[in-house]
Amino acid sequence: MKKYKPTTPSRRHMSTVTYRGVLTTSKPEKSLTKGRKRHVGRNSAGRITVRHKGGGHKRLYRTIDFKYDKIDIPAKFQSIEYDPNRSAFIALVAYNDGEKRYVVAPKGIEVGDSFIVSADAPIKVGNRILMKNIPVGTFVYNIEIKPMSGSKIARGAGVFAQVIANSDGYTHIKMPSSEVRKVPDMGWASIGEVSNDEHKLRVIGKAGRSRWLGIRPTVRGSAMNPVDHRHGGGEGRQGIGLRRGPMTPWGKQALGVKTRKPKKYSNVFIVSRRNKKKRRK
């Protein structure tokens, strides 16, 4: 991590990820970039559906390959780059047939390293293999929920899941949240863990930096009027009154309430729920 001298109050505790010695280029591959409209929490009608989003620095979108559909064609990592649209680093890879693509970079790879997407590829960081062929105890990322549907699980910075069993056409994986779930053993997964594991240690430091990231301020409900929030109103500072606990602006319980749908389609794939006592990072 990069720490700063306390030249100002906001600089005193600020920290950022160290890019020097990790990233190999500062300019993206032009053919794999495009402009993208950011909806900043608005739906198709222009109404805010997700609060506290807006502004932020303009971003160029890098097209990331999550499907890895070039099977049995070796490839090499050409560069490791920063991506403003995600927490992990990305890598530019060149396949032997001449095509270039961006992929989520695994931890520990270097420029010049090779990888392959193959059902019987060796257990090596970066290689992509069928779940049924991955040994128990292996760390994996970019995991598919359905075969050939593209990576959906374990894509964030420093994240990985662990293979803990193979049985009855399913592979049991331990998720980053400690939840154990089943995925089809004919799905694909990449060996290793996602790069930029220092991302969770960064300290934003000042309000302006949050605005650069597109994060708008969060106002306390107790600072609002009664018409705007259930906690609002009163002379001076007031508590939440005779309520069971904190509430959302729409009158729902905010803490200790299950939000998962009881009949969600994926319930049958959950072997054990996450450990609620596990400290969130």
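The values are calculated or read from the model by the stated rules, or taken from the named source; none is laboratory data. Just so we're clear, the structure is a prediction, and the values are computed from it rather than from any experiment. Neighbour counts run over all protein chains shown; Cβ positions are idealised from the backbone, glycine included.
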May I ask you to list the residues in the stretch 263-281 that are surrounded by fewer than 12 Cβ atoms within 10 Å (Cβ to Cβ), assigned to a loop (DSSP other than H, G, I, E, B) and out of contact with any helix residue (DSSP H, G or I) (no Cβ under 9 Å at 6 or more places or on another chain)?
-> Lys263, Lys264, Asn275, Lys276, Lys277, Lys278, Arg279, Arg280
Say we look at the stretch 187-210 and pick out the residues that are within 15 Å of Tyr141 (Cβ to Cβ) and hydrophobic (A, V, I, L, M, F, W, C); which of these is surrounded by the fewest Cβ atoms within 10 Å (Cβ to Cβ)?
-> Ile191
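Here is a yes/no grid of residues against (1) surrounded by 15 or more Cβ atoms within 10 Å (Cβ to Cβ); (2) on the phi < 0 side of the Ramachandran plot:
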| residue | (1), (2) |
| --- | --- |
| Pro147 | no, yes |
| Ala154 | yes, no |
| Val163 | yes, yes |
| Ile173 | yes, yes |
Could you run through the stretch 239-272 and say how many residues are at pLDDT below 90 and over 30 Å from Val227 (Cβ atoms)?
-> 1
Quickly run through the stretch 66-96 and pick out the residues that are part of a loop (DSSP other than H, G, I, E, B) and over 16 Å from Ala154 (Cβ atoms).
-> Asp69, Lys70, Ile71, Asp72, Ile73, Pro74, Tyr82, Asp83, Pro84, Asn85, Asn96
Complete set of residues in the stretch 209-220 that are among the small types (Gly, Ala, Ser) and either assigned to a loop (DSSP other than H, G, I, E, B) or at pLDDT below 95 (or both) = Gly214
Do you know which residues across the stretch 105-120 are surrounded by 15 or more Cβ atoms within 10 Å (Cβ to Cβ) and in contact with an Asp or Glu (Cβ under 9 Å, 6 or more places away or on another chain)?
-> Ala105, Pro106, Lys107, Ile116, Val117, Ser118
Just name the residue that is nearest to Gly187 (Cα to Cα) out of those in the stretch 121-147 that are touching an Asp or Glu at 6+ places or on another chain (Cβ under 6 Å) and not in a strand (DSSP E or B).
-> Met131
Would you confirm whether any residue within the stretch 217-228 is over 19 Å from Met175 (Cβ atoms), within 27 Å of the chain's Cα centre (by Cα) and in contact (Cβ under 8 Å) with a residue 60 or more places away in the chain?
-> yes
Among the residues of the stretch 246-257, write down those that are assigned to a loop (DSSP other than H, G, I, E, B) and at negative phi.
-> Pro246, Thr248, Pro249, Trp250, Lys252, Ala254, Leu255, Val257
When every residue in the stretch 83-113 that is in contact with a strand residue (DSSP E or B) (Cβ under 6 Å, 6 or more places away or on another chain) and of a type in the set (Asp, Glu) is compared, the one nearest to Lys67 (Cα to Cα) is Asp83
Among the small types (Gly, Ala, Ser) and either surrounded by 17 or more Cβ atoms within 10 Å (Cβ to Cβ) or over 23 Å from Ser177 (Cα atoms) (or both) - does that describe any residue in the stretch 121-130?
-> yes
Run down Arg243, Arg237, Arg260 and say which single residue is surrounded by 11 or more Cβ atoms within 10 Å (Cβ to Cβ), outside any helix (DSSP H, G or I) and of a type in the set (D, E, K, R).
-> Arg243
